[in-house]
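Following: one structure in structure tokens, then a few remarks.
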Protein chains: 2
Amino acid sequence: MHEQKIQVLQGTVSKLLRRNATSNLKKALGKIHPADIAHLLRYFDVHEQKTLLELTPDLQRVADVLAELEPDSWPQIAELLDRDYLISIIHEMADDDSAVFIRSLPDDLGEQILIALHDDQSDDVEYLLGYEEETAGSIMSTDVFFLNQDISVRHAIEALQDSEDYEMVFYVYVTDEHNHLVGVLSLRQLLTVPPTTKLADIMSTNVMRVRSDMDQEEVAQMVAKYNLLAIPVVDDQGKLLGLITVDDVIDVMRDEATEDILRMAGTSEEELLLGYKSFQIARLRLPWLLTTLVGGVVTGTLMWYYRATLEQVIMLISFIPVITGMGGNVGGQTSTILVRGFATGRIDFSMIRQVFLKELRVGLIMGLVCGIVIAGVASIWHQNLYLGLVVGVAMVTAITVAACMGVVVTAFFKKIGVDPAIASSPFVQTVNDITGIMIYFSTATLFLPYLT
Amino acid sequence: MHEQKIQVLQGTVSKLLRRNATSNLKKALGKIHPADIAHLLRYFDVHEQKTLLELTPDLQRVADVLAELEPDSWPQIAELLDRDYLISIIHEMADDDSAVFIRSLPDDLGEQILIALHDDQSDDVEYLLGYEEETAGSIMSTDVFFLNQDISVRHAIEALQDSEDYEMVFYVYVTDEHNHLVGVLSLRQLLTVPPTTKLADIMSTNVMRVRSDMDQEEVAQMVAKYNLLAIPVVDDQGKLLGLITVDDVIDVMRDEATEDILRMAGTSEEELLLGYKSFQIARLRLPWLLTTLVGGVVTGTLMWYYRATLEQVIMLISFIPVITGMGGNVGGQTSTILVRGFATGRIDFSMIRQVFLKELRVGLIMGLVCGIVIAGVASIWHQNLYLGLVVGVAMVTAITVAACMGVVVTAFFKKIGVDPAIASSPFVQTVNDITGIMIYFSTATLFLPYLT
């Protein structure tokens, strides 16, 4: 339904662009939601994007569109737009958005823009650029609505009525004279007490807050856990620095999930910034691939080592792919359960023994089922019950070991501080290939007299 | 930092429990945030959980704790708690929470509770239970604060002051006399106009809304895209039914990401509800594993078919794992990029040709790099340049084909309406194993005279 709407809009805008119907385009772009304009722009090339941005009425609107665009398209558009026009757009952005935007640009362009911005805004932006990426400080907005604890409710309401600069006010944060965060009030509370009450008397003093150096993923987990709409950011002395709102948290959560998914497949979230740049994408994916390549060569060496057995009983060849493959799959399942468990906080190290035992049991059950199936297939296919036995035993062992290794390797990487989403998969896979082949061929060597 | 806090709390509560220090426990549980109590409970067995819940002061608080618990623990706790106590807790829950809670219970227990609830609440809950799972209707709350368009701002503020039942009011929704949603107001707007103004005169009539049958994932995408705090739910005639708030959307987004990650690994989000029940978990994972097992047997049959070549040139065996493995990895990367792209809306079918061409190029580049590396390894190891050539050519082709298949298979499943997160991986893997082996052995057969 929603996608259809975008497609209809795209058709209309394309037609108007082709006809050069400038005034109609302006009218249309003035009515479409900025997030939808940003979505639409994906379907046009960068020159058309430039034209459409220039035709969008109202600088605030253009700033909203730019902020909603995919970050990978920012540098190209920024280079194309007239410099003064670009600066006046950035001027309309919220300071957290403009910091993220400027951070994405080539260094020299970013600096030129910082210099050209009006002093007060560039101070705010430079200040935000000073925080490390992926910390609370780097995603907060400094536009936070706060009042001193000694003022009255009447004054608070008046201040609120003048607060048009603050887009989303749902809580009023209360500070002392040294700017320490001391309390919080909801808007509704202000409506339900006598106008002369001091804020200090009605505020709630138990305010959830985060330090500016907290990891953004942890911030997102807190906001999700406590169902917050916004969380104030303080420095190490408890002074109020800014505010992270739930819409930013949603972006963080989506990005962190994407990050985990892409890392598990051996690539990275940076890939999304590269668009269609094949060489750079290949460079990003290659280190992980080459690691698994080494693992594959190690497994191959092992098979070379068992070549005598294989030459004697060539039918063993038929079950190599299924044994290594199944080990890899089961190890991957277990590892995935752990990676996601760590990421969402469902699993922590205090439960690791229980999780290990569970995966051991699950692996054993699945191994038995798959082992019996494959033993049947092997016995019937090659008319040799001993082959069935060898393949079956190898399958049960390989799957059980794989399930255990999935837990051990993933937990190990987590423990030593390496992101298990990146590291687990190649290692789990290689370890399982090796144990699978070893178990298979040593069982086969044991039963060699019955197989030939 | 946050984890440490939980651990300290856990230590304290354990100690108090062992000592049977009931009144201290009560005091402590009265101060800990309900979400933290829910988190803590994970570390205790179900009987201790029952004791702790019963000691938690204030039914509203207990209801909050229960709502924040992992859904997999609900049925067990519900069975253990005194029936009347349980019902009085559910009575304190928001109706959307209690609907989800009751949905998780065994049918007969759920029905008994519905009967025992006071009439008005059980009507609301039964009404919510009527919506299909994973639709907007099933996650909305019916506690939505709305006013008629004809009332004045003064009356609206008075109504707001009496609105303690509505936990999170940030927007006031405005309806006509037939309950159609016609407008929306922010709280601040109410403060900035004369008290006699009619709501109809100041409300914004362009209200984002969703239909009750919209998929919850689509709702989450809308809320994320338009940075909303809440979105009203309407029926097909535009009548206001309920409200979905951003905290529910965060849960949906997290669940959908987990769902995709687990499905890609061949298990399902249901696994998280099964705790440590090994048999049921194994049953959940087995269908996908058995599918890949069939794929492995097919690959094995193919290798059996080429056994004559293999017997003549046994050194070919050393590179089978690396060629099938790398194909599987590259196919997995491409497929993951697509699965996540479809899920977040970054990729749609209009771009599929571009994406295919990009992956083809990326695959070719990565194939060339890996091919050259492995050709070098093969030539040096077995002192045979032709073997290097065969292995290298097979690697380039296998990786390039794998990258293309990753796009084709994933897009195909998406197109025919099968979730590509579940289906892609086994198919991509099998197709790649087969093409990898075929390319490898046919090249080898071609160069057979030079290899022996």
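The values are calculated or read from the model by the stated rules, or taken from the named source; none is laboratory data. Please read these numbers as outputs of a predicted model, since none were measured by experiment. Glycine also receives a Cβ, built like all others from the backbone with ideal geometry; neighbour counts cover every protein chain displayed. Please note that ligands, DNA and RNA were not included when accessible areas were found on the heavy atoms of the full protein model with its side chains. Shrake-Rupley method; radii C 1.70, N 1.55, O 1.52, S 1.80 Å.
If the condition is being open to solvent by 30 Å² or more (accessible area, probe 1.4 Å) and touching a residue at least 12 places away in the same chain (Cβ under 8 Å), then segment A:295-313 contributes A:VAL298, A:LEU302, A:TYR306, A:GLN312.
Does segment B:144-154 contain at least one residue that is part of a helix (DSSP H, G or I) and either in contact (Cβ under 8 Å) with a residue 60 or more places away in the chain or surrounded by fewer than 17 Cβ atoms within 10 Å (Cβ to Cβ) (or both)? Yes, that holds for at least one residue. Scanning segment A:242-258 for residues that are facing chain B (nearest Cβ under 10 Å) and within 12 Å of the chain's Cα centre (by Cα) yields A:VAL249, A:ILE250, A:ASP251, A:MET253, A:ARG254, A:ASP255, A:GLU256, A:ALA257, A:THR258. If you go through segment B:316-339 one residue at a time, do you hit one that is open to solvent by 30 Å² or more (accessible area, probe 1.4 Å) and more than 7 Å from every other protein chain (Cβ to nearest Cβ)? No, the conditions are met nowhere in segment B:316-339. Reported count of residues in segment A:233-262, each being modelled with pLDDT of 90 or more and of a type in the set (D, E, K, R), is 3.
Which one is nearest to the chain's Cα centre (by Cα), of the residues in segment B:27-49 that are touching a residue at least 12 places away in the same chain (Cβ under 8 Å) and loosely packed, with under 14 Cβ neighbours inside 10 Å? Checked segment B:27-49; the qualifying residue nearest to the chain's Cα centre (by Cα) is B:VAL46. For the criterion of being surrounded by fewer than 19 Cβ atoms within 10 Å (Cβ to Cβ), within 19 Å of B:THR135 (Cα to Cα) and modelled with pLDDT under 85, B:GLU269 passes. Those residues that are at pLDDT 90 or above, under 26 Å from A:GLY332 (Cβ atoms) and of a type outside the set (Phe, Trp, Tyr), I need them from segment B:340-359; list them, please. Listed by number, the residues that qualify are B:VAL355, B:LYS358, B:GLU359.
Residue by residue, here is whether (1) over 13 Å from A:MET326 (Cβ atoms); (2) of a type in the set (Gly, Ala, Ser); (3) out of contact with any Pro (no Cβ under 8 Å at 6 or more places or on another chain) holds:
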site	(1), (2), (3)
A:ILE352	yes, no, yes
A:GLU359	yes, no, yes
A:VAL362	yes, no, yes
A:LEU368	no, no, yes
A:ILE374	no, no, yes
A:LEU389	yes, no, yes
A:THR410	yes, no, no
A:GLN429	no, no, yes
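Looking only at residues of segment B:61-110 that are farther than 23 Å from B:GLU270 by Cα and modelled with pLDDT under 85, we find that the one that is most open to solvent (accessible area, probe 1.4 Å) is B:ALA94. Those helices (runs of 4 or more DSSP H) of segment A:336-452 in which 1 or more residues are closer than 30 Å to A:THR258 by Cβ, in contact (Cβ under 8 Å) with a residue 24 or more places away in the chain and touching a helix residue (DSSP H, G or I) at 6+ places or on another chain (Cβ under 6 Å) occupy A:352-382, A:385-415, A:420-446.
Out of (1) crowded, with 20+ Cβ neighbours inside 10 Å; (2) over 12 Å from A:MET140 (Cα atoms), what's the single condition that is false for A:LEU240? With respect to (1) crowded, with 20+ Cβ neighbours inside 10 Å; (2) over 12 Å from A:MET140 (Cα atoms), A:LEU240 is out only on (2).
Would you confirm whether or not segment B:192-207 contains a residue that is outside the structural domain of B:ASP96 (by TED's automatic domain parsing) and within 27 Å of B:GLY130 (Cα to Cα)? Scanning segment B:192-207, I find at least one residue that is outside the structural domain of B:ASP96 (by TED's automatic domain parsing) and within 27 Å of B:GLY130 (Cα to Cα), so the answer is yes. Count of segment A:259-300 residues, restricted to those that are more than 9 Å from every other protein chain (Cβ to nearest Cβ) and of a type in the set (D, E, K, R), is 4.
For the residues B:LEU289, B:LEU284, B:LEU228, the requirement of being in contact (Cβ under 8 Å) with a residue 12 or more places away in the chain and within 30 Å of A:GLU158 (Cα to Cα) singles out B:LEU228.
The single residue among A:LEU129, A:LEU185, A:LEU117 that is within 30 Å of A:LEU81 (Cα to Cα), under 34 Å from the mean Cα position of the chain (by Cα), open to solvent by less than 10 Å² (accessible area, probe 1.4 Å) and not hydroxyl-bearing (Ser, Thr, Tyr) turns out to be A:LEU117.
Being at negative phi and open to solvent by less than 10 Å² (accessible area, probe 1.4 Å) is true for just one of A:VAL391, A:VAL408. Which residue is that?
Going through A:VAL391, A:VAL408 in turn, the sole match is A:VAL391.
For (1) within 13 Å of chain B (Cβ to nearest Cβ); (2) more than 14 Å from A:THR245 (Cβ to Cβ); (3) modelled with pLDDT of 85 or more; (4) surrounded by 18 or more Cβ atoms within 10 Å (Cβ to Cβ), each residue gets a yes or a no:
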residue	(1), (2), (3), (4)
A:GLU164	yes, yes, no, no
A:VAL172	yes, yes, yes, yes
A:LYS198	no, yes, yes, no
A:ILE231	yes, no, yes, yes
